[in-house]
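Chemist: Pasting a structure below so you can have a look.
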Amino acid sequence: MNREHAYHLTLDALAKLQWNTAMILEAKATEAEKVRNWLLTHATRDTWAAHAEQLAASLQFHEQNVELIDGLTKLCQGLNRNMKAILQPDGEDGGGDGMASLFGGLGSGIGDT
């Protein structure tokens, strides 16, 4: 297997991983919509005896959402680093023997933050 074929296999695996990530995000969005609908119908002033309990429950929901977003951000950053390593090995800007040279330098700028 030559280097070009290995790069193509790696890029294919990354594309499949990103597709699966998109499917996870779609499922999470559907789940979040269901939770929102449940909260709108069941979380009323009469549900909790004290305001502190209502606040604690709200903070718990928000904390879970923040953890989910943080995890997805870390996953995307890892994918970004992998793509950058393939497209710009050794910190080059589109040149060299990286994947960008196969596409005539079109890969430069992918993953830049």
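None of the figures in this text is laboratory data; all of them are computed from the coordinates on show. If you're wondering where the values come from, they're calculated on a predicted model, not measured in any experiment. Note that each Cβ is placed from the backbone with ideal geometry, even for glycine, and that neighbours are counted across all protein chains shown.
Chemist: Among the trypsin sites (Lys or Arg not before Pro) within the range 1-49, which fall in a DSSP loop and have no more than 11 other Cβ atoms within 10 Å of their own Cβ?
Modeler: For trypsin sites (Lys or Arg not before Pro) across the range 1-49 that sit outside H, G, I, E and B with at most 11 neighbouring Cβ atoms in 10 Å, the list reads ARG45.
Chemist: I'd like the Karplus ³J(HN,Hα) series for the range 36-41: coefficients 6.51, -1.76, 1.60, θ = phi - 60°, whole numbers in Hz, and an x wherever there's a Gly or Pro.
Modeler: Working through the residues one at a time gives 4, 5, 5, 4, 5, 8 Hz.
Chemist: So, one more: Using the Kirkwood radius over C-alpha pairs as Rh, can you work out the diffusion coefficient of the range 3-102 via Stokes-Einstein at 4 °C, viscosity 1.567 mPa s, in µm² per second?
Modeler: Diffusion coefficient, whole number: 76 µm²/s.
Chemist: Can you tell me the length gained on complete extension of the stretch ALA6 to ALA56, counting 0.36 nm per residue apart and subtracting the Cα distance?
Modeler: Result: 12.9 nm gained on full extension.
Chemist: Fully extended, how many nm does the chain gain between THR44 and THR73 (0.36 nm per residue separation, minus their Cα-Cα distance)?
Modeler: Full extension of this stretch gives 7.2 nm more.
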